[in-house]
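Written out below as structure tokens is the structure these notes cover.
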Amino acid sequence: MNKIIINTSNAPAPIGPYSQAIQIGDLLFVSGQIAINPATGNVENANITEETELVMKNIGAILKAAQMDYPNIIKTTIFLSDMSLFSTVNEVYGKYFKSAFPARETVAVKTLPKNVNVEISVTAAK
């Protein structure tokens, strides 16, 4: 098994003992991303629309570091602080996919790291 660690300064540095992403063969496993601005290290979660945009951009930066893009995503998991945020998050998320949408589950959880409102992890394939 040839495990490649993917790391880019264009996405937030991990806040714990994990990698931004791991590539094994043609599969890429991206750790859950939250709305941390990679340039400042600050959490930006005052507005759920902007928060979700930043999460998706962070995912995009990691995909790019692995020479992939949003169409390569085959599976996503979305964690929300409250299910009432679902429609807004879904609207922003949906703008990043044109067709052949990835498989997905969305769950509400009690709390997320740094008290953000949304965290998204993805699996992508070349």
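Brief remarks on what is shown
- Scanning the range 1-28 for residues that are at pLDDT below 95 and polar (S, T, N, Q) returns a single hit, Asn2.
- Filter result (exposed (fewer than 11 other Cβ atoms within 10 Å of the Cβ) and aliphatic (A, V, I, L, M)) within the range 84-107: Ala100, Ala103, Val107
The values are calculated or read from the model by the stated rules, or taken from the named source; none is laboratory data. Just so it is clear, the model here is predicted, and its values are computed rather than measured. All Cβ positions, even for glycine, are placed from backbone atoms using ideal geometry, and neighbour counts span all protein chains on display.
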